[in-house]
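First the structure, in the form of structure tokens, and then the observations on it.
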Amino acid sequence: MLNNIFNFTISNTIDYVPEQIIDFFSKKYVAGTSLSDAVKTTVDLNSKGIMSTIDVLGESVYNEDQTIFFRNECIKVLETIKKESLNANLSLKPTQMGLAINKALCYENIRKIVKRAKELDNFVRIDMENSPYTSDTLKMYKLLREEFPGHVGTVLQAYLRRTVDDIDKLSDKDLNIRLCKGIYMESYKIAYKNPEIINENYIYCLEKLFENKAYVGIATHDEKLIFHAMKLIRKYNLQPNEYEFQMLLGIGEKLRDFILAKKHRLRIYVPYGKEWLSYVRRRLKENPNIIKTALGL
Ligand code: FDA
């Protein structure tokens, strides 16, 4: 009971906690402020047989020049991955590329990045943000998948009521999806709120994706979901190169070894950059226990 009250209070006040305090927790979830930090983290992960997806932190960009800055930085990430022979790809956020201000600009920015990924034989994952952007993100994904098959994927969120239908609509071509629960605040009308229903929908969507021969990034630290995913992988007799597990930096470290020991592939999301505040706040809201542990409570 007390624990629930504590978690509820933290989740609802974290937006007002000063940046200096949040910074203390950023070390856990963020590789650092520069690309060389993300490279260092990736080299370390690769040495343990783990792949990474590098993310330049930044979202909700309302300035066109800033979207160009992020576009160039993403291209630099792809070029650095090639130069350093890293086992890594790139994740990016549509609002970082301008989706909140100019859809055409956003599409052109992402297209240039995916084009460069193709030239470098790499891959770009378009993260999924909150529901006002879902349809546009899927539209962009469909167009890019036509032009650059095999070099682009996106994300679906099991908490959204629409996700099962989205899988049907997207399954007419090769599909590359990261499946996660979903992290943004959404209304009851749009999203399931009950954690058990979200989990059931996750498994239902995962099976539907496997049935439709999608390549899935199974993105979760939930042991129950990982257990069910492994059962489905066996049921569909999938080979290790036909899916991957994915986790966030700083979370579920014990589970990593378990997944690797079972010979599954694992990719860690490695964010870096100066704009870490929103990302770390989201992570802390998600798990207020981290704060409790740090305070020795
Ligand atoms: P759940 O939240 O139930 O957590 C399971 C367990 O993991 C917890 O009991 C705890 O032990 C641990 N844990 C979870 N969060 C933690 C935290 N912050 N700190 C410490 N421990 C924690 N979402 C989205 O909307 N769009 C996106 O594009 C992405 N992208 C993405 C990429 C990758 C690689 C991952 C793994 C996740 C995302 N997400 C995301 C986030 C996702 O939607 C979800 O919010 C988190 O993964 C947490 O959900 P779990 O499935 O891990 O379950």
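The values are calculated or read from the model by the stated rules, or taken from the named source; none is laboratory data. Computed from a predicted structure; not experimentally measured. Using ideal geometry, Cβ is built from the backbone for each residue, glycine included, and neighbour counts are taken over all protein chains shown. All accessible areas refer to the heavy atoms of the entire protein, side chains included, with ligands and DNA or RNA removed. Shrake-Rupley method; radii C 1.70, N 1.55, O 1.52, S 1.80 Å.
Of note:
- In terms of its alpha-carbon gyration tensor, the chain comes out rounded; the largest-to-smallest axis ratio a/c stays below the 1.5 threshold.
- Within a Gaussian network of the chain (alpha carbon springs, distance under 10 Å), most fluctuating of 70, 258, 123: 258
- Computed on the chain, with alpha-carbon pairs under 8 angstrom and 6+ residues apart, the relative contact order is 25 percent.
- Here the alpha carbons of segment 23-137 define both size measures, Rg and Dmax, at 14.3, 41 Å.
- Accessible surface comparison of 91, 36, probe 1.4 Å, protein chains only, largest first: the order is 36, 91.
- Gap separating the Cα centres of segment 220-285 and segment 45-78, nearest whole Å: 19
- The DSSP beta bridges internal to the chain are antiparallel in roughly 5% of cases.
- Carbon-plus-sulfur accessible fraction, the chain (probe radius 1.4 Å, protein heavy atoms only): 53%.
- In summary, the aspartates and glutamates within cross-link reach of residue 139, defined as a Cα separation below 17 angstrom excluding same-chain residues under 8 places away, comprise 108, 127, 129, 147, 165, 166, 168, 172, 174.
- Mean ellipticity per residue at 222 nm, deg cm²/dmol - from DSSP H runs of n ≥ 4 across the chain, formula -39500 (n - 2.57): -16000 deg cm²/dmol
- Overall form of segment 210-284 per C-alpha gyration tensor (a/c, 1.5; a/b vs b/c): prolate
- Computed over protein heavy atoms with a 1.4 Å probe, the accessible surface of segment 31-275 works out to 46 Å² per residue.
- In sequence order, segment 115-121 has phi-based couplings of 4, 5, 4, 5, 4, 9, 6 Hz under the Karplus curve 6.51 cos²θ - 1.76 cosθ + 1.60, θ = phi - 60°, and Gly or Pro positions carry x.
- Structure note, pairs 169/213; 28/254; 169/235; 103/274; 27/224; 142/169: Cα-Cα distances above 19 angstrom occur for 169/235; 103/274; 27/224.
- When the Cα positions of 131, 258, 90 are compared along the charge dipole of the chain, 258 comes out farthest toward the positive end, with charges on each C-beta of Lys, Arg, Asp and Glu.
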